[in-house]
Amino acid sequence: MKQALVDDTEDVSLDFGSEEELALRKAKIRHPLATFFHLFFRVSAIVTYLLCDWFSNSFVACFVTILLLLSFDFWSVKNVTGRLLVGLRWWNQIDEDGKSHWVFEAKRVPTVAASTEAEARIFWLGLIICPVIWTMFFFSTLFSLKLKWLALVIAGISLQTANLYGYIHCKLGGQKSISRVTSRFFVTADVPKRQTRRMSGDRTEEYGKTGTR
């Protein structure tokens, strides 16, 4: 009877952390502030471009306002929202020789604070649709002969297309770049081992020759 009671009892560990993790995974938007500013600056730039003639007659004021919104959007998407919403990041760095290198990074390890599917959809939709809209503005300025807005429209296309290109490169080429870096690391780490093996082999050969003498 005692043996049966011992076999039927078992320890049960309560893991409260797993419940919090499940709750976070079920949440639709975990980074509401980043999601808001991912769309705020770029949508504000488009709306200001369409309605600026109704609010102000100053071309310089409208030009500067839209350019500032585009600049804020470029910085926030490149440095903040891409990292938080989809786990991607890209930047440019200069090495010791003065050469410029583009670095594209993709987070492969899932964490508790990882992004949700809703955030990823909002990120990619905003990243793709807005450059298309600015491209439509480019052709409309050409056909309507509003050439004074052409420089601003080109700036909008350039800034938002740069972010789109960078994040597409991170998404598609992140795994390849990581595999290349790891292969290079293992090759360079294996070189000193081979050298030590060769040195030890040479020493054993010399010792054998001296022993035969």
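Throughout, read-outs are computed from the coordinates displayed, never taken from laboratory work. It should be emphasised that the depicted structure is a prediction, and the values quoted were computed from it without experimental measurement. Using ideal geometry, Cβ is built from the backbone for each residue, glycine included, and neighbour counts are taken over all protein chains shown.
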Listed highest first by mean packing, meaning other Cβ atoms within 10 Å per residue, what order do 147-155, 80-88 come in?
80-88, 147-155
Under Karplus coefficients 6.51, -1.76 and 1.60, residue-wise ³J(HN,Hα) of segment 85-101 in Hz, glycine/proline x:
8, 10, x, 10, 7, 9, 7, 10, 9, 10, 7, 5, 7, x, 8, 8, 10
Greater than 32 Å separation of Cα atoms is the criterion. Which listed pairs, Lys28/Lys148; Lys28/Lys107; Lys78/Lys146; Lys99/Lys148, meet it?
Lys28/Lys148; Lys99/Lys148
Tell me, what ³J(HN,Hα) does each residue in segment 128-144 have, in order and in whole Hz, if you take phi through Karplus 6.51 cos²θ - 1.76 cosθ + 1.60 with θ = phi - 60° and put x for Gly and Pro?
9, 5, 5, x, 5, 5, 5, 5, 5, 4, 4, 5, 5, 5, 5, 6, 8
